[in-house]
Every structure is written in C-alpha cells, then in structure tokens.
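Enquirer: Next up is a structure, given as structure tokens.
The values are calculated or read from the model by the stated rules, or taken from the named source; none is laboratory data. No experiment lies behind these values; they were computed from the predicted model shown. Positions of Cβ are generated from backbone atoms using ideal geometry, with glycine treated the same way; all protein chains shown enter the neighbour counts.
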C-alpha cells in the first residue's frame with residue numbers, strides 16, 4: 001500500500017473514531033439526563049413507601065403494592081442505564097504485559113466463595129509457558145468475570161465450570177466451559193446483539209460489552225452451545241507485534 005493510500009485509510013479511520021466518540025458522548029449525556037429525574041422519582045417512592053409502611057386499610061395496602069412496583073421498575077431502569085453507560089463509554093485501554101493464567105486465577109479466586117454456595121465445581125487447566133499478552137487488567141477482569149457470572153446463571157442447580165488456556169499460532173486462547181442449560185443456535189446467533197437478553201429483567205448489554213472489551217484488546221470471542229449440553233466461550237488474544245516477531249525469529253534459528 002502506498003503512503004498516500006495509508007494516509008487516506010488513516011484519515012477515514014480517524015473520522016470513524018471521531019464520529020463514534022461524538023455519538024457515545026451524546027448517548028452518555030442523554031443517559032445522565034434520564035438518571036437525574038429518575039433519582040428524584042426513586043427518592044419520592046422511598047418516602048411514599050415509608051408513609052405506607054404500616055398500612056392498615058385495604059386502600060393503603062394497595063397503594064403500598066403499587067409503590068413497590070414503581071420502585072422495582074425504577075431499579076430496573078437504573079440498572080439498564082448503568083449498563084448502557086458502561087457499554088457506550090469510550091475507553092482508553094491501559095495495556096500492560098500480562099500473564100493470562102494470572103488473570104484467570106484472579107477471577108476464579110474472586111468467584112470461588114460464590115461458586116461453593118451455588119454448588120459449582122471450578123476446574124482450571126492453565127497451560128505452561130504461555131506467551132505474554134497485552135491486557136488492560138481491570139477491563140479484562142470485568143469481561144471475564146461477566147462470562148463466569150453468566151455461566152453461574154446457566155447452572156441454577158450447580159455443575160462444573162472449566163477454564164483452560166493454551167498457546168495459538170498468533171497468541172493465546174482461553175476456553176470457558178460450563179455444564180449448564182445451553183442455548184439453541186438462534187439464541188447463539190443473537191447473543192452479542194445489543195439489548196438482546198434471555199434473562200428476565202436483563203439489560204442485554206452484558207455480553208455486547210464483554211465482546212467490545214475483548215475486541216479492544218485486538219482479540220475475538222465466540223460461543224458454541226447446545227440445549228442441555230452446556231456452553232463453551234472461546235477467547236483468542238494476540239501476542240504483541242514485537243513479541244510475535246521475536247518468536248518467529250527464534251523459530252528460524
């Protein structure tokens with residue numbers, strides 16, 4: 001590609017980034033504007049709930065019931081707004097050389113007490129001598145934890161959650177496998193669509209946000225699943241260009 005072609009491509013990419021940044025800024029501003037009156041509504045619902053806390057008459061009990069419905073819907077809207085702001089915000093990734101096995105261990109250690117309560121066995125197969133990858137550790141922790149929590153919800157009666165890491169020709173891979181309820185192919189095809197959710201009250205933004213974070217690392221995420229046979233999530237992450245070049249040079253020697 002000529003320097004002129006590269007320059008034109010860079011200009012187009014920069015314009016797309018600028019457009020996305022502006023859209024994200026406007027969407028975030030709108031969400032914040034919704035949150036302000038929502039906070040006022042929630043506060044007044046709490047005060048009304050206190051007024052009717054010792055409801056005596058049928059009329060007062062009905063009023064309290066209606067107040068609680070509004071409170072639940074306000075909380076649901078609050079959760080959707082929080083998820084949306086998390087999805088829409090423009091992140092500046094703080095990439096650091098990282099050991100993928102260490103990041104998996106960190107997530108599993110955090111989740112272990114909850115897994116024990118849920119009757120979920122955690123199984124870890126870390127590969128030795130994995131190449132270093134560049135990660136925003138906090139962002140990657142949040143993405144992997146979201147996948148682990150999704151797996152937990154797919155195993156309401158307990159089960160097994162397996163994670164394995166391995167080297168790939170271009171970097172590293174991670175498989176997260178659960179023995180949960182699984183999904184049909186139509187659901188799998190839509191699972192990363194924004195606002196698509198199979199969970200009651202779900203915002204449908206958790207997995208799209210996770211996908212966005214993995215792709216921000218230059219990686220990919222795919223899902224394989226069958227009803228009643230569990231789900232496998234596969235994440236592939238690239239080696240830094242310099243490191244992959246070093247690996248190739250060493251292989252030629």
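Enquirer: Has the range 149-158 got any residue that is surrounded by fewer than 20 Cβ atoms within 10 Å (Cβ to Cβ) and at positive phi?
Expert: Yes, that holds for at least one residue.
Enquirer: Here's a follow-up. Exactly one of (1) in contact with a helix residue (DSSP H, G or I) (Cβ under 8 Å, 6 or more places away or on another chain); (2) assigned to a strand (DSSP E or B) is unmet by residue 160. Its number?
Expert: For residue 160, the exception is condition (1).
Enquirer: Something else: For the range 56-112, what are the residues that are under 20 Å from residue 145 (Cβ atoms), touching a residue at least 60 places away in the same chain (Cβ under 8 Å) and touching a strand residue (DSSP E or B) at 6+ places or on another chain (Cβ under 7 Å)?
Expert: Those that are under 20 Å from residue 145 (Cβ atoms), touching a residue at least 60 places away in the same chain (Cβ under 8 Å) and touching a strand residue (DSSP E or B) at 6+ places or on another chain (Cβ under 7 Å): 95, 100, 101, 104.
Enquirer: Could you grab me the full set of residues in the range 177-235 that are in contact (Cβ under 8 Å) with a residue 40 or more places away in the chain, part of a helix (DSSP H, G or I) and surrounded by 18 or more Cβ atoms within 10 Å (Cβ to Cβ)?
Expert: If the condition is that a residue be in contact (Cβ under 8 Å) with a residue 40 or more places away in the chain, part of a helix (DSSP H, G or I) and surrounded by 18 or more Cβ atoms within 10 Å (Cβ to Cβ), then 206, 207, 208, 209, 210, 212, 213, 214 are the ones that fit.
Enquirer: Just to be sure, is residue 172 part of a helix (DSSP H, G or I) and farther than 21 Å from residue 121 by Cβ? Outline the logic, then answer.
Expert: On the way: part of a helix (DSSP H, G or I): no; farther than 21 Å from residue 121 by Cβ: yes.
Spelling it out, it is not the case that residue 172 is part of a helix (DSSP H, G or I) and farther than 21 Å from residue 121 by Cβ.
Enquirer: Within 25 Å of residue 229 (Cα to Cα), in the same structural domain as residue 226 (by TED's automatic domain parsing) and touching a strand residue (DSSP E or B) at 6+ places or on another chain (Cβ under 7 Å): does that describe residue 180?
Expert: Considered against the rule, which asks whether it is within 25 Å of residue 229 (Cα to Cα), in the same structural domain as residue 226 (by TED's automatic domain parsing) and touching a strand residue (DSSP E or B) at 6+ places or on another chain (Cβ under 7 Å), residue 180 comes out as yes.
Enquirer: Then there is this: Inside the range 123-139, can you point out the residues that are within 22 Å of residue 206 (Cα to Cα), in contact with a strand residue (DSSP E or B) (Cβ under 8 Å, 6 or more places away or on another chain) and outside any loop (DSSP other than H, G, I, E, B)?
Expert: Taking the range 123-139 and keeping what is within 22 Å of residue 206 (Cα to Cα), we get 135-139.
Next, only the ones that are in contact with a strand residue (DSSP E or B) (Cβ under 8 Å, 6 or more places away or on another chain) stay: 135-137.
Within the range 123-139, 135, 137 meet the criteria.
Enquirer: Given the conditions (1) at pLDDT below 90; (2) in contact with a helix residue (DSSP H, G or I) (Cβ under 9 Å, 6 or more places away or on another chain), and given that residue 172 satisfies all but one, which numbered condition is not satisfied?
Expert: (1)
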